[in-house]
Structures are given as structure tokens and as C-alpha cells.
Amino acid sequence: MRSTWITPHPSPLTLQYGEEKTLSLLNPAGLGFAAIIPLIILLYLLKRRFQEKVISSTYLWEEVLKDMEATTPWQRLKKNLLLFLQLLAAFLLVMALSRPYLPVAGGLEKQLLVVLDASASMMASDVTPSRWGMAQKEVEKLIDRLGPGEKMTLIKMGEQPEVLQAASGDKNELRRSLRDAQLKTGRADLEAALSLIASLSRDSRDIMLLIVSDGKTLPVEHDPRIKCPVEFIQIGRESDNLAITTLATRRDSGQVLALARVQNFGEKAVVSDIELRVDGELFDIREIKLEAEGAREIIWEDLPVRAESIQAILQRPDFLLADNEAWAVVEELTENRALLVSEGNLFLEKALNLLPGMELFKTSPAEYDPALADYQLFIFDGWLPARLPQASIIIVNPPPGNHWLAINGEAKNLSGIKAAGEDSLLRYIDSSDWQVARSQKLLCPDWARTLLESEDVPLLLTGQLSGRVAIFSFDLHESNIPLQTGFPILVHNLVGWLLPGNAGASFDLNRSRISFDPHPEAEAIYLQRPGEKEERYLPPFPRSFSASRPGLYQINQVLSDRIEISFLARNQGDPLESDIKPAALPWQALEADSRGGGERLGKKELWPWLCWAVLLLLLLEWEVYRRGY
């Protein structure tokens with residue numbers, strides 16, 4: 001575990017004591033005033049000078065003789081209460097000038113904002129009892145060290161930030177909220193958490209932000225500019241993890257095929273058995289070997305034709321067991337008809353003809369008939385009709401002046417194409433080498449969102465009108481994208497989203513939810529989550545369901561004459577979360593030193609207490625002198 005600072009602090013003199021406490025000095029130069037201590041002692045050693053006189057008797061001068069003996073120079077110091085009090089007062093005054101402090105939660109900061117990573121990688125067991133358990137212990141230590149008048153805001157960082165306790169100084173309530181916090185199986189969105197914190201700390205002072213995480217979060221694309229000091233406590237040590245990152249099925253020529261991709265995120269070569277189950281029954285076991293940080297695909301052929309679902313299981317234990325299992329649904333091969341309206345686009349034709357169950361038809365814009373309705377998918381290339389059909393649509397290079405999409409000029413020579421955000425439609429696609437010579441500058445409508453962009457120019461959008469819509473803002477011939485290996489995968493993903501074969505159900509990777517389009521004639525819907533009781537829904541039906549737990553989800557739609565049953569698989573194998581090697585937070589603003597421990601959270605200065613002690617000693621010294629001790 002280590003801590004990283006975004007706000008630099010002076011290098012103080014540090015004095016260790018005990019196991020956890022550390023006494024430090026903000027002004028070590030103040031120790032130079034310790035020279036006053038030997039001066040006080042020297043004053044007691046100096047002799048007072050007297051003029052010699054001859055007298056007849058010393059009987060009346062005994063008290064004077066005692067005083068002369070006390071002021072004899074360089075004699076051994078005798079017990080003297082006044083000297084002890086003066087030396088003690090001088091020592092405390094020197095320490096006060098050095099400004100000592102103790103590390104405490106909050107310290108000079110009156111409020112501590114604690115962000116607790118609750119993503120899937122925090123389930124890793126490379127530390128005891130787990131990364132999540134250790135993170136909770138670290139936060140509990142901070143709660144225990146809260147001082148009087150100090151408050152803590154506890155935030156759980158998942159796909160959406162959640163405030164567990166807001167600005168509370170009640171340690172019991174903070175501990176209860178921490179104990180009740182549940183670990184999620186999705187990703188951690190650091191930017192969303194920072195945006196929330198920026199709004200919470202905008203009008204406040206004396207605030208410190210503490211992030212407890214293993215560093216496996218979504219990167220911060222737009223810095224929310226946090227103004228308060230930030231500390232990062234890193235949780236985790238090891239990287240040993242073997243994960244099933246892909247499990248897919250396909251029907252082809254009467255056969256059912258399955259493909260699994262297994263990835264080794266560890267730094268050593270590993271050997272493991274992988275088990276395949278079909279509808280819960282054991283089908284095959286194979287041994288696989290993977291090099292350090294390597295990957296391998298395993299293909300099974302001739303699966304049972306009537307198979308509905310498959311499950312793959314890695315037998316080798318590692319530090320993250322949740323991604324050692326994966327599920328996939330064997331889709332029924334549905335025949336879909338698509339109409340390509342274009343002057344000619346071989347790239348689209350080839351990509352669409354590769355899709356199983358797709359029957360492609362072609363026509364030109366001049367011959368397009370708006371009355372055509374026997375198609376599930378329309379592709380308009382460089383042209384749009386006055387009225388869009390009631391079906392799923394792909395729009396390529398929309399013309400200026402159309403009724404559906406606003407265009408604000410052109411952009412040329414676009415490169416560095418990147419995803420506008422994490423999305424399941426872009427899985428297994430590397431767009432870093434994609435280039436576009438010319439593109440329309442589309443203004444993203446309210447009903448759509450951007451998937452791919454370059455220099456803030458949207459290149460690929462998806463949305464919902466009367467049906468689902470995907471939009472390419474450029475002519476494919478004016479780019480190198482159709483020549484890239486990721487283009488057929490992108491078309492496959494888009495068509496799979498545009499034409500969901502699972503009774504209208506699809507899975508949203510970003511929010512761990514099932515997006516659902518119920519059947520128009522459905523009278524009731526029953527949802528069976530993995531390991532939970534069946535839930536019943538009546539009209540009006542929700543359009544999405546939470547799906548945080550990995551496994552198979554069964555959706556039963558009750559119609560008047562039948563029940564439609566569909567399955568959907570939710571898997572944990574996510575390259576971001578399965579790569580459990582601890583890392584720095586993906587936040588460019590967090591560039592500073594790395595220091596061990598993570599115990600320093602603030603400074604509780606002691607000089608006011610020392611000054612009060614000096615004042616009390618001076619009063620005590622005056623009383624001792626007055627009484628003649």
C-alpha cells in the first residue's frame with residue numbers, strides 16, 4: 001500500500017515514537033532557540049561581585065555569607081526549584097517555536113472527503129481478507145482518528161458515485177455506513193466521482209480528499225479541477241489472475257460453435273484446465289498453457305444443436321475468482337432482411353454479408369420506395385428519405401440539409417480516433433490507427449450519443465427514434481476504416497444492437513443493466529436473476545433492469561397465447577478489472593511524489609498547548625519565588 005500526493009508539502013523533521021504516531025516539526029529552525037537553555041544555566045553559575053570590608057564580627061552577616069556562597073562561580077549546581085521551572089519553561093517555549101504536530105485525520109482540514117473504490121477488482125484476495133476488506137479497515141482507521149469538530153464525507157466509487165454519509169462527525173454513523181457498503185461487480189468511474197467532489201468542495205474550505213483504490217478505474221478525460229489537497233492510498237500487491245474475457249456462441253451450417261478467450265494478466269506462465277458445460281451438463285475439459293501476460297482462444301465445435309446456454313470454468317485458483325467463470329447464450333438463428341440504399345458501397349456489402357442470418361438487398365436512392373416495409377434494417381448511404389421507415393436504421397455520410405441531423409460544416413484529416421466513453425459496442429475494437437480524410441460536423445441530437453470522435457468531432461453516433469439508429473458522419477470511402485480488422489467487428493456489434501435477437505433484451509456494459517423492449521402484447525414479465533428469487537412485473541413495464549451479478553438472466557414474457565423465454569449472460573471478465581496489478585490512478589493531474597504508509601492525513605499542531613503550558617510555568621515560578629523557596 002502506498003500514498004501519492006497531488007499537493008506538495010514541505011519536508012518536515014520527523015520524530016518516530018510508538019507504532020503508529022509520528023511527531024514532526026513544521027519549523028525545525030526553531031530548535032536554534034534552544035541556545036537559551038545553557039544561558040539560563042550560565043546565569044546560575046556566574047558570581048556576583050562584592051567590595052571587601054573589615055568588620056569586627058560576622059555574627060550579624062551570616063545571611064550575607066550564605067548569599068556569597070551561592071554566587072561563588074563555577075560551583076556544582078545544587079537543587080533549585082526555580083532553575084528547574086525556568087529550564088522546563090525554556091524547553092517548552094523552544095518546542096512551541098518549532099511548531100510540532102501529530103498526524104491525525106483532518107488535522108488542519110475540518111472535513112475529509114473519502115472516496116472508496118467499490119469496483120470488481122477490489123474483490124481480489126492478494127491482501128487479507130481482500131482489497132475491499134483492507135480498504136474498509138483503512139477508512140475505519142481514519143474514522144477513529146477524527147478529532148473534535150472534524151467531519152467526514154464517505155463516497156463509494158462505482159459506475160455511479162454514491163454518497164454513503166455526508167459531512168458527519170458521528171463516528172458510529174460513519175462506521176455503520178462503511179460496514180453496510182456493498183462491493184459492486186462493475187467498473188469505477190473516477191471522473192464521475194471527482195465531478196461530484198468538485199461540486200461538494202466548491203464553496204468549502206479546509207477540505208482534504210482521500211482516494212482509497214487499487215488504481216483500476218476508468219481514465220479521467222476531462223479534469224474537474226479539484227482545488228483541495230488530494231491523497232491516494234493504493235490497495236493491493238499482486239497481479240496473478242487468469243480470466244475468461246470472452247465467451248461467445250454461433251450457429252453455422254447446422255452446427256453450434258463456441259469460442260472462449262482466456263487471458264493471463266500475471267507475470268508468470270500458468271497452466272490450467274478449462275471446463276465447458278452445456279445447459280449445466282459437463283461437455284468437455286481441456287488443458288491450456290499461457291505465457292506471462294499472454295492470451296489464447298479455445299474453440300469448441302459440434303455442440304448440441306438444442307443447446308440454450310453454455311458455461312466455461314477455469315479450474316486454476318488465483319487472486320480474483322469472479323472472472324474464472326463465464327456464460328453465453330446460444331441464440332436462435334433469426335433470418336433478418338436488410339435493405340442497402342446506396343449508389344454503391346462494397347465495404348458495407350461485404351461486412352453485412354458476413355453476418356449470420358442476414359439477407360441483404362440493394363437499391364439506389366432513385367429507386368427507393370417508401371412503401372417498402374418488409375425489412376428489419378435499412379442502410380442509407382449518402383442519402384436520406386423525407387420520411388424514415390419504422391425500423392432500425394444505419395445512416396452513412398448524411399447529406400447536408402436533411403430533416404433529421406444538423407450539420408455544421410466539415411472537418412478534414414482526422415486521426416487519433418477514440419471512444420467517447422466505454423461501451424459494449426466498441427469491445428475488442430482498436431481505433432487508434434483509424435483515419436478519416438473528410439467528415440461532416442454533426443451536432444449530436446438529444447436522442448443520440450457519441451461513440452467515436454476525433455478532436456471533438458462526432459464520427460459514430462447511436463440513438464433511438466421510432467427504432468434504433470446508428471450514424472456514421474463520413475463516407476467510408478474517404479477513410480481507412482473499412483480496411484482495418486476492427487471494421488467487421490464494429491458492424492457486427494452495431495447490427496447485433498440494432499436487431500436484438502433476445503426478445504428485445506440487451507446488456508449495457510457501462511451501467512450493469514439490462515436494456516429491455518417488452519413485447520407489445522405482454523401481460524406480465526418475470527425476471528430470474530442468478531441466485532435470487534423470481535421477480536414479477538406488470539404494465540407499465542420498466543425499460544431496464546439492474547444486472548450487477550454475473551451469471552444467466554432469464555426473462556419470461558407472458559402473452560395471451562404463449563410464454564416467450566429469453567436468456568441474457570452477464571460476465572465478469574473485463575480486461576480493465578481483471579488486470580488486478582495495482583496502478584497509479586489514471587488522472588494526469590495526480591502527478592507528485594509517492595510516499596509509503598498512507599497514514600498522513602493532516603496536522604494537529606501542538607504549539608498552542610505548549611504556549612499555555614509555558615504561561616502556567618511562569619505563574620508557578622512567580623509563586624515559588626514569592627514564597628522564598
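The values are calculated or read from the model by the stated rules, or taken from the named source; none is laboratory data. Here the structure is a predicted model, which is why all the values come from computation and not from measurement. Every residue, glycine as well, gets a Cβ built from its backbone with ideal geometry; the counts of neighbours run over all protein chains shown. What goes into the accessible areas is simple: the full protein's heavy atoms, side chains included, and nothing from ligands, DNA or RNA. Shrake-Rupley method; radii C 1.70, N 1.55, O 1.52, S 1.80 Å.
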key: Whole-Å distance, taken between Cα centres, linking segment 204-225 and segment 461-501   = 34
request  = Using only the alpha carbons, work out the radius of gyration and Dmax of segment 336-498 in angstrom.
outcome  = 14.6, 41
message = Within segment 329-350, name every residue whose backbone N is under 15 Å away from a label modeled 7 Å from Cα of residue 483 along the Cβ vector.
response = 347
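Over 21 Å between Cα atoms: which of 141/171; 350/418; 227/581; 216/533; 156/216; 268/289 fall into that group? The partial results should precede the final answer.
Numbers: 141/171 11 Å; 350/418 24 Å; 227/581 29 Å; 216/533 32 Å; 156/216 14 Å; 268/289 11 Å.
350/418; 227/581; 216/533, as the Cα separations exceed 21 Å there.
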ask   = Toward the positive end of the charge dipole of segment 336-498, about the Cα centre and with charges on Cβ (Lys, Arg +1; Asp, Glu -1), which of 401, 424, 380 goes farthest?
value = 424
request  = Please work out how much length the chain gains when fully extended from residue 167 to residue 524, using 0.36 nm per residue of separation minus the C-alpha to C-alpha distance, in nm with one decimal.
outcome  = 124.2 nm
remark   = Amide H contacts under 5 Å for residue 479, restricted to residues at least 5 apart in sequence or on another chain and with H modeled in the peptide plane, are 437
request  = Subtracting the Cα-Cα distance from 0.36 nm times the residue separation, let me have the gained length for residue 371 to residue 390 in nm, one decimal.
outcome  = 5.8 nm
key: Relative packing of peptides 613-626, 309-322 - highest average C-beta neighbours within 10 Å first   = 309-322, 613-626
note = To the nearest 20 debye, segment 238-343 has a Cα-centred charge dipole, built from +1 on Lys and Arg Cβ and -1 on Asp and Glu Cβ, of 140
request  = Give me the accessible area of residue 247, 1.4 Å probe, in Å² rounded to the nearest 10.
outcome  = 20
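Give me the net charge for the shell around residue 359: Cβ to Cβ below 10 angstrom, other residues only, Lys and Arg +1, Asp and Glu -1. Provide the component values of the computation, followed by the final result.
Details: positive: 337; negative: 335.
Its environment carries a net charge of 0.
Nearest 20 debye, what's the magnitude of the dipole of segment 336-498 about its Cα centre given +1 on Lys and Arg Cβ and -1 on Asp and Glu Cβ?
I would put it at about 160 debye.
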ask   = Given the Cα-Cα distance of residue 532 and residue 267 and 0.36 nm per residue of separation, how much length would full extension add, in nm?
value = 91.7 nm
key: Estimated FRET transfer efficiency (residue 82, residue 140; beta-carbon r; R0 45 Å; 0.05)   = 0.35
ask   = Rounded to the nearest 0.05, what FRET efficiency do residue 248 and residue 27 have when you use their Cβ-Cβ distance and R0 = 45 Å?
value = 0.10
ask   = Which of the listed residues, 172, 186, 219, is farthest toward the dipole's positive end in segment 162-317, when Lys, Arg count +1 and Asp, Glu count -1 at the beta-carbon?
value = 172
inquiry  = Using a probe radius of 1.4 Å on heavy atoms only, what accessible surface per residue do you get for segment 336-498? Whole Å² is fine.
reply    = 46
Net +/- balance of residues flanking residue 315 in space, Cβ distance below 12 Å, scoring K and R +1, D and E -1 = -3
query = Roughly how many nanometres apart are two label points built 7 Å out from the Cα toward the Cβ at residue 293 and residue 182?
reply = 3.7
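Given charges of +1 on the Cβ of Lys and Arg and -1 on the Cβ of Asp and Glu, with all other atoms neutral, how large is the dipole of segment 431-583 about its Cα centre, in debye to the nearest 20? Write out the running numbers ahead of the final one.
Details: 14 positive and 19 negative charges, 61 e Å.
For segment 431-583, the charge dipole is close to 300 debye.
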query = Does anything in segment 484-498 have its amide N under 11 Å from the 7 Å Cα→Cβ label point of residue 433, and if so which residues?
reply = 484-486
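In segment 336-498, carbon and sulfur make up what percent of the accessible area (probe 1.4 Å)? Walk me through the intermediate numbers first.
Numbers: 3680 of 7560 Å².
Ligands and nucleic acids excluded, carbon and sulfur give 49 percent.
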